[in-house]
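Notes follow the structure.
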Amino acid sequence: MNVLSLYDGMSCGMLAMLKAGIKVDNYYAYEIDKYAIQTSQHNFPEIKQCGDVFKGDYTQYEGIDYLIGGSVCTYWSIAQSPDKRETTASGLGWDLFSQYVRALREAKPKYFINENNKSMSKEIRKAITETFGFEDICINSARVSAQNRQRLYWVGKRNADGTYSKVDVQ
């Protein structure tokens, strides 16, 4: 299994795959936070750290098994102060999301998982849904952690014609 992870943080995607019993052959991580990278490298020295999502050449991963990630959610969260919260499909939060979309188009993965917070505005949620072509599913993180957080997931499978269809996640 080959994985491309954007906004990788401390590589919880790798941890989740290993906990699920998935053998990961190659894991490419795009992350810029030095402390997250240090944690990732300490726990998973085999991960290939690739740097800034804005500088990525995702064509080199064409046909990869999974593209995973969720662009930095603080820009869209209700936890953000109202004068700084982005509620339209514009601004740095949307620019970060757009890098995920660019990676999806360039890498053409077999599957993708995109995650973000449920408290985003209706306009942003609608724009993301239109971008992927299908609705999200909502999962409370309390199912797998001690934290009660509603998260939205768009999970897609690549079709023969290059489009993506929603994966039915239970």
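The values are calculated or read from the model by the stated rules, or taken from the named source; none is laboratory data. Just so it is clear, the model here is predicted, and its values are computed rather than measured. Don't worry about glycine lacking a Cβ; one is built from the backbone with ideal geometry, like all the others, and counts go over all protein chains shown. All accessible areas refer to the heavy atoms of the entire protein, side chains included, with ligands and DNA or RNA removed. Shrake-Rupley method; radii C 1.70, N 1.55, O 1.52, S 1.80 Å.
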Looking only at residues in segment 124-170 that are of a type in the set (A, V, I, L, M) and assigned to a helix (DSSP H, G or I), which one is surrounded by the most Cβ atoms within 10 Å (Cβ to Cβ)? Ile128
Screening Ala36, Ala20, Ala16 for residues that are within 27 Å of Arg143 (Cα to Cα) and surrounded by 15 or more Cβ atoms within 10 Å (Cβ to Cβ) leaves only Ala36
Could you tell me how many of the residues in segment 60-77 are among the polar types (S, T, N, Q) and open to solvent by less than 70 Å² (accessible area, probe 1.4 Å)? 2
Please find, within segment 41-59, the residue that is farthest from the chain's Cα centre (by Cα) out of those that are open to solvent by less than 30 Å² (accessible area, probe 1.4 Å) and over 21 Å from Asn117 (Cα atoms). Phe44
Between residues in segment 77-103 that are over 15 Å from Asn114 (Cβ atoms) and residues that are aliphatic (A, V, I, L, M), which pairs lie under 8 Å by C-beta distance while being six or more apart or on different chains? Ser77/Met120; Arg85/Ile78; Glu86/Leu92; Glu86/Ile124; Thr87/Ile124; Thr88/Ile124
Filter segment 75-113 down to residues that are more than 16 Å from the chain's Cα centre (by Cα) and charged (D, E, K, R) and give me whichever is nearest to Lys55 (Cα to Cα). Glu86
If we keep just the residues of segment 86-123 that are touching a strand residue (DSSP E or B) at 6+ places or on another chain (Cβ under 9 Å) and among the hydroxyl-bearing types (Ser, Thr, Tyr), which is surrounded by the most Cβ atoms within 10 Å (Cβ to Cβ)? Tyr100
